[in-house]
Each structure stands twice: as structure tokens, then as C-alpha cells.
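Asks: Encoded as C-alpha cells, here's the structure I'll be asking about.
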Amino acid sequence: MSSFSTGVGGVGHSKPYKGDALAALGLGFANFFNGVIIRHPFVVLRRQCQIHDHAYRKHLVPTTLVPVIFKLTAKDGFLSLWKGVVGNGVLWAFSSVSELVIAELLGLPKSFVPDGSSQRFWRHVWLKTFTFIFCTPVIVTAFLETVRTGTGLSEDLQIAEIITKGYERLRQDVFGGSAVAEGVRRRHSLLWLAFPTSFHQTVHFLVCQYVYTTSYAWTRTFVSRKLPSERRRYHTIMPELFSSMTSVFIADIICYPLETVLHRLYIQGTRTLIDNLDSGAEALVPAGRYSGIFDCFSSIIRKEGVTALFSGIGAIFLQYMLQHCVAGITYWLLDRGTRGYTSGHLQIKMGSSEFVDVTNVETTYDPFAKNNIPQNPSAQFAATSLNTSQPSTSGLFPSFAQVQKQKNFVNEDPFLSALQRRKSDRQPHEFDYK
């Protein structure tokens, strides 16, 4: 469910990166890899832990999940970890379209500006809430596809079935026929589930916004304190990448107990087979029966203990660790692409024939510097020296205007003046024009 609000659709508040093309490519690679390739398998694992009542292993730490993952992939295949990914994609597309339609019908803002109008922000939050309520049937259907045992990418429901199956269940809830097991167990009505679902998703969204804004400001300050010569392409996308990962991570942990309760209510009465993550080698049907949210909370705490509300949370920690590995790979790839781009050898001509070799010249655009002005004197000279005329070598002597222009340029530039004084201390200044 969290993958709907943040994992698939993104945090939802950051603008597309429009800086260096290679850095933008690295950011897109990292976001896709973290959001789909890495995040989804751990969403599948933690959901199956959450709905397994009276489980022997709670998987509160990442290490207990590793042997179970190997057993699951040996039994059902490696792609079984991505079951339900089609449903999550359909959910993301359906919710995006629904949000646009609801925004037009109710006149609510489709976006907001950070540090902008608070009224616009809260009206946008209302838009999110209404969208979550409307999409609840699809949310529940997509959830069931991620926990159903023995399925893989090829056995997921078709795109249209994800939507029609959810609203068919809603029709049964409204007009009757919601009983699944003749007086033994009943499914909860989607109309009733819509309100706690929208509450959970809205809280998750708000926590994401707050954590993202805070971590982005901290990370940007950290990068801005680095010397320009120490920065790489990766640092231009580091605030966005780190803040996106961290905001979802913190929001998932804060909302985890409520998510556990909702998932148990979603699956109640559906007779869905799930993987037994105590061993990873067999399947079972969850036997929990709850009359509502508060009954589910109290029953879990009374019968299974408080730690049962956090069953499977080790998957979140393992997911976050692997996402940081992807960030490290992105840094390595961008650093290799930066070599030869941010450093080199620049020869600065002093006098008639002597050249001073300045290495490691920073010539990249610095988005963190004040007014985007390069702070490295070498970079500033490299940019301005392109339009500086040099003494002509076609004639016997340079013209008076050319000599005077070069002299004025050297005197005005503090970096060149320092080099000139250093040269004068070593030997008398000589002019030898040929």
C-alpha cells in the first residue's frame, strides 16, 4: 500500500531534475532501481509477514529474512518476489488519472509549492484524501496480488481485471453477497475500509513531505559546505536522491503498525493463500477474524504481543541498505564520467613566453554557490580567459593597446596578480618579444 503513495509514484513533491544531463540520467536510474527493482520485493515480503497471525518468526531484523528469501526463490522462482508489480503499476496509473479528474471536478490544486501558501497545500492534501477514498477498491485488489502465493509476473491479473475486480467487490458490498464463508468469516466492506485506508495514506503522505523537506535542506547545506574542487556530479543530485529514500523509509516505519492492521482487515474473508515466512517452504490461509480496527489492534497485542505489529519490519531496513548501495553505485558511475570533465591542465600565460601550469581546475556549474558564481578562482579565470585577446604573433612587436589590455587584465584579476607577484619574487620581470 505504501508503494502506491510513495514507492511507485514517487514522493510527489519534488520537481524533475533539470541540471546536467548525465546527472539527470544517474538520478533516473537510481530512482527506478530503488523504487521498482529493489523496493517491490521487500514490500511483498513484509506484507506476508504482517498478515501471518501467530507467526513463529517476526523478522524484526534483516538477517532472519535472508534464508527465507533463498527458500522462496528456490520454490517459486526468482520472479515470484515481483508478484503484483503489474497491479501496483495499474494502481499508480489509475490513481494519477483519478486525481486529475477529481481536481477538475472539485477545483482543488493538483500541486503545491514548498514554503508557499499553506491554504493551497492543505487543499492539495484534501485532493489526495479524496483520491485515496475513490481508489480503495483498486488498492485492496493490488494488495491481494502481492501476497497471493505461487504467483509471478506471468500469473498476475490482467490490467483491466485489477480495476474491475475491485469495483465488482464494491458492488457486492453495496447490494449484498459479501459473505464468503457462510457464517464463519465475512469480508469487511470496502465502503468501511475506505476511511481508515485514506487516513493511513494521507498520514504517510504528510510524513513523507515533512521528512523530505527537512532532509533536503540538511543535505543541501552539507553539499554547499564542500569546496567546489571536492564536488562531483553526484553531489548535484545527492539532496534529491537521499531525501527521497529517507522520507519513504521514515514514513514506512511510523505508519507500520496501522499498515499491519489494515492489511489483516484487507485479507480477512478472502481465502487467499500466502507464503509461510516461518520456513518459506509452505503456504497457509490467515485465520485472523477481527470486527474492526480497534478489535484488530487489541487482539494482536493481547494474543501475539506488541512486536507483532512490526512483523516484517526487517525487510524495510534491508531494503534501505540496498538502496544506499545503489546510491553508492550511482556515485561511482558519475565519478568516472566526471573524470576529465571537472579537472585538467590549464596553462596561464605570464609575460611573453612563460606558462604557469594550474592543475585540477574546476570548470563545472556549481548549483550550490551563491548566485551560481564559481567560487574557485581557477574556474573563474578559465571562464573569462576565453574572451581575452592575446598579443599577436604575426608582427614583430605587439601593439601598445594589446600590451596595455593584457596588463590591465592581469591587474584586475586577483588570481593572476598573485601569480605575477610570486613570479616577480623569484626573478626580475623580463620582456623578450621575438
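Coordinate-derived values only; no laboratory data. Everything numeric in this text was worked out from a predicted model, so none of it was measured. Quick reminder, even Gly has a Cβ in these numbers, built from the backbone with ideal geometry, and neighbours come from all protein chains shown.
Asks: Explain nothing, just compute: Karplus ³J(HN,Hα) = 6.51 cos²θ - 1.76 cosθ + 1.60, θ = phi - 60°, for every residue of region 305-321 in order, whole Hz, x for Gly and Pro.
Replies: Coupling constants for region 305-321: x, 5, 5, 5, 5, 10, 4, x, 5, x, 5, 5, 5, 5, 4, 5, 5 Hz.
Asks: What ranking, highest mean first, results for peptides 280-289, 78-87, 241-250, 202-211 when packing means the other Cβ atoms within 10 Å averaged over each residue?
Replies: On the way: 280-289: 14.9, 78-87: 20.8, 241-250: 22.7, 202-211: 19.2.
Highest-to-lowest ranking by the protection proxy: 241-250, 78-87, 202-211, 280-289.
Asks: Here's another thing I want to ask about it. Give the relative contact order (percent, whole number) for region 254-322; include only Cα pairs under 8 Å separated by 6+ residues.
Replies: 31
Asks: Hey, another quick one. Please work out the Kirkwood hydrodynamic radius for region 93-154, using every pair of different C-alpha atoms, and report it in angstroms with one decimal place.
Replies: For region 93-154, inverting the mean 1/r across all distinct Cα pairs yields 13.3 Å.
Asks: I've got another one for you. Could you point to the residue in 306, 270, 209 farthest towards the positive end of region 2-336's charge dipole, with +1 and -1 charges on the Cβ of Lys/Arg and Asp/Glu respectively?
Replies: 209
Asks: In 10 Å bins starting at zero, report the fraction of Cα pairs in region 162-278 per bin as a rounded %.
Replies: In whole percents, the pair-distance histogram is 11, 27, 23, 17, 12, 7, 2, 0.
Asks: Hey, another quick one. Please express the shape of region 2-336 as an equivalent ellipsoid: the semi-axes are the square roots of 5 times the eigenvalues of the C-alpha gyration tensor, given largest first in whole angstrom.
Replies: 34, 25, 18
Asks: Take every Cα pair under 8 Å in region 2-336 that's 6+ residues apart, average their separations, divide by the length, and report that relative contact order as a whole percent.
Replies: Relative contact order for region 2-336 comes out at 31 percent.
Asks: So what's the net charge close to residue 284: Lys and Arg +1, Asp and Glu -1, counting the other residues with Cβ under 13 Å from its Cβ?
Replies: After counting each charged neighbour, the total is -2.
Asks: Show log10 I(q)/I(0) for region 221-285 at q = 0.26, 0.29 Å⁻¹, two decimals, from a solvent-free Debye sum over equal Cα scatterers.
Replies: -1.07, -1.12
Asks: Give me the net charge for the shell around residue 135: Cβ to Cβ below 14 angstrom, other residues only, Lys and Arg +1, Asp and Glu -1.
Replies: Local charge sum for residue 135: +2.
Asks: Within region 163-259, list the trypsin sites (Lys or Arg not before Pro) lying in a DSSP loop whose Cβ has at most 15 other Cβ atoms in a 10 Å radius.
Replies: Working: sites: 165, 169, 171, 185, 186, 187, 220, 225, 226, 231, 232, 233; in loops: 187, 225, 226, 231, 232.
Of the trypsin sites (Lys or Arg not before Pro), the ones in loops of region 163-259 whose Cβ has at most 15 other Cβ atoms within 10 Å are 225, 226.
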